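J.: Before I ask anything, here is the structure I am working with.
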Amino acid sequence: MSTITILFGTESGNAEMVADDLSANLSAAGLDNDTADMSDYDVADLADAEMVVLITSTYGEGELPETTAPFYAALEQSRPDLSALRFAAFGLGDSTYETYNNAIEILRALMLELGATQLGDTGKHDAASGEDPSEVADAWFDTVLTRV
C-alpha cells in the first residue's frame, strides 16, 4: 500500500488529536502516512493521492469547522476529477445536537460528487458517549483497512 494521507479539520483540536493518534498507530503498524491540516492542504494534490482519510469535527449548529471550510470551498470551486481517489471518512460530533456529525456528511457528499470512492462506512464519534475518540477512530479504521 502506498502512503495514506490523513487530513483533519477542526475547531478545538479534537480532530487533530484523533488524526495524530491514528497516524502514530499506522506508523507503528508499518504503514506510511502523512498528516495535514485541511486548511494547509492544496486540493490539487488530491489527484496524486491514492488514499485519503478525512477527519473532521462538526461546529456549532452543523457547520464545517474553521480548518475544514477552506478545504471544502477550494474543492467546490476547483471541482477536480477525483475518480482515481479512494477515501475514508470519520466525523466527530455530539448526538445531543440535531445536526450530529453534519460536517463529515457535507464533505463526504462532495467527495463522492467529484468521483472519489469511499472505503467502508463513515466512522462517527459521539462526544455524548464518553468514549475516547481516538479509540473509536482506530477501531473504525481497522474495518476500513479490510476493504483496501
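Only the coordinates and a few stated rules stand behind these numbers; no lab work does. Treat the numbers as computed from the prediction; the structure is a model and nothing was measured. All Cβ positions, glycine included, derive from the backbone under ideal geometry; neighbour counts span all protein chains shown.
J.: Efficiency by 1/(1 + (r/R0)^6): what FRET value for E63 and E131, r their Cβ-Cβ distance, R0 = 30 Å, to the nearest 0.05?
T.: Details: r = 24 Å, r/R0 = 0.79.
Between E63 and E131 the formula returns 0.80.
J.: Dipole magnitude of the stretch 1-63 about its Cα centre, charges +1 at Lys/Arg Cβ and -1 at Asp/Glu Cβ only, in debye to the nearest 20? Numbers along the way, then the final one.
T.: Values: 0 positive and 14 negative charges, 49 e Å.
Dipole size: approximately 240 debye.
J.: Something else now. Modelled label-to-label distance, D20 and T117, 7 Å Cα→beta-carbon offset: nm?
T.: My value for the distance between the label points is 3.4 nm.
J.: If the only charges are +1 at each Lys and Arg Cβ and -1 at each Asp and Glu Cβ, what is the size of the charge dipole of the stretch 100-148 around the Cα centre, to the nearest 20 debye?
T.: Magnitude of the dipole: close to 260 debye.
J.: Counting Lys +1, Arg +1, Asp -1, Glu -1, what net charge surrounds S78 among other residues with beta carbon under 14 Å of its beta carbon?
T.: In short, -4.
J.: Charges only on Cβ, +1 for Lys and Arg, -1 for Asp and Glu: so what's the dipole of the chain about the Cα centre, in debye to the nearest 20? Let's see the in-between values first.
T.: Numbers: 5 positive and 28 negative charges, 104 e Å.
For the chain, the charge dipole is close to 500 debye.
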